[in-house]
Each structure stands twice: as C-alpha cells, then as structure tokens.
1. Can you name the number of the only condition in (1) in contact with a strand residue (DSSP E or B) (Cβ under 6 Å, 6 or more places away or on another chain); (2) assigned to a helix (DSSP H, G or I) that TYR48 fails?
2. Identify the residue in segment 60-109 that is basic (Lys, Arg) and under 20 Å from TYR48 (Cβ atoms) and, among all such residues, is farthest from the chain's Cα centre (by Cα).
3. Inspect segment 55-63 for any residue being on the phi > 0 side of the Ramachandran plot, in contact with a helix residue (DSSP H, G or I) (Cβ under 8 Å, 6 or more places away or on another chain) and either in a loop (DSSP other than H, G, I, E, B) or surrounded by 11 or more Cβ atoms within 10 Å (Cβ to Cβ) (or both) and give the result as yes or no.
4. Of the conditions (1) buried (at least 16 other Cβ atoms within 10 Å of the Cβ); (2) not in a helix (DSSP H, G or I), ARG21 fails just one. Which one is it?
5. Output the number of the condition that THR44 fails; it satisfies all remaining conditions of (1) at pLDDT 95 or above; (2) loosely packed, with under 15 Cβ neighbours inside 10 Å.
6. What are the pairs with Cβ atoms under 9 angstrom where one residue, in segment 25-48, is at positive phi and the other, located anywhere, is assigned to a helix (DSSP H, G or I)? Sequence gap at least six, or different chains.
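The values are calculated or read from the model by the stated rules, or taken from the named source; none is laboratory data. Bear in mind the structure is a predicted one, so any value in this text is a computation, not a measurement. A quick note on method: Cβ atoms are made from the backbone with ideal geometry, for glycine too, and the neighbour counts reach across all protein chains shown.
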Amino acid sequence: MKADVLRGHLDGLLLATLDGRRLHGYAIIEALQRRSGGAVSLPTGTVYPALRRLEKSGHVRSEWSTVGGRQRRTYSLTPSGKRALEEERRAWREFTAAIEGVLGTTAAAV
C-alpha cells in the first residue's frame, strides 16, 4: 500500500490498534500488519513519534512494563483517546461512503 494513502489516517490506525489493549510499540506495528493482511507496514520511525504525539495530546498513556523479560513502554487509550477513536471511525465511514459513491459506481448518475 502506498504510504501517501495512509497520510492523515495514522492516528486513527494507531488508536484502533490500541482499542481495548495495552501494547508495546513493536507489537503495535505487528498488529497493524496482521489486521491489514500485510498491507500496512509502518516503520518504527513513523510509529514512535506518532505515539509520543498522541500521548502528548492526551489520547494515549504509556507506562514501563516487563514484556518477555524485557523492559518496554506499553501504550493504552485514555478516555480522550476512546472519544478520538470514535470520531475517527465516524469520519472514516463518511469518507468511504462518499468515495464509494464516486468510485464504486459503474454508470454516471446525472
């Protein structure tokens, strides 16, 4: 999948991946790949700055924990993050419905 297709949707993807879960950064990257059937593969240099930005905005919280015997920072949604995720999902449904109305038709409706 082209990187520019994901532009503007990174926050929503990260928030959705964390919905109901506490994950460390690399596990977030793996979950995105798995849930997208391999179509979304983001580099750590994209994910970690976005997680820090989401944490600074209050949508995500992080804490240190031991995962597999290693200290890792794990991330989870805050109540603000859950509200932001719902807004992202609403906006996505509106966007996809509008695009489907244009690209999904076979005959021009005038």
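1. TYR48 satisfies every listed condition except (1).
2. Going through the qualifying residues, I end up with ARG70.
3. So far as segment 55-63 goes, yes, one or more of its residues are on the phi > 0 side of the Ramachandran plot, in contact with a helix residue (DSSP H, G or I) (Cβ under 8 Å, 6 or more places away or on another chain) and either in a loop (DSSP other than H, G, I, E, B) or surrounded by 11 or more Cβ atoms within 10 Å (Cβ to Cβ) (or both).
4. In the conditions (1) buried (at least 16 other Cβ atoms within 10 Å of the Cβ); (2) not in a helix (DSSP H, G or I), ARG21 misses (1) alone.
5. Among (1) at pLDDT 95 or above; (2) loosely packed, with under 15 Cβ neighbours inside 10 Å, the lone unmet condition for THR44 is (1).
6. Correct list of pairs: empty, since none qualify.
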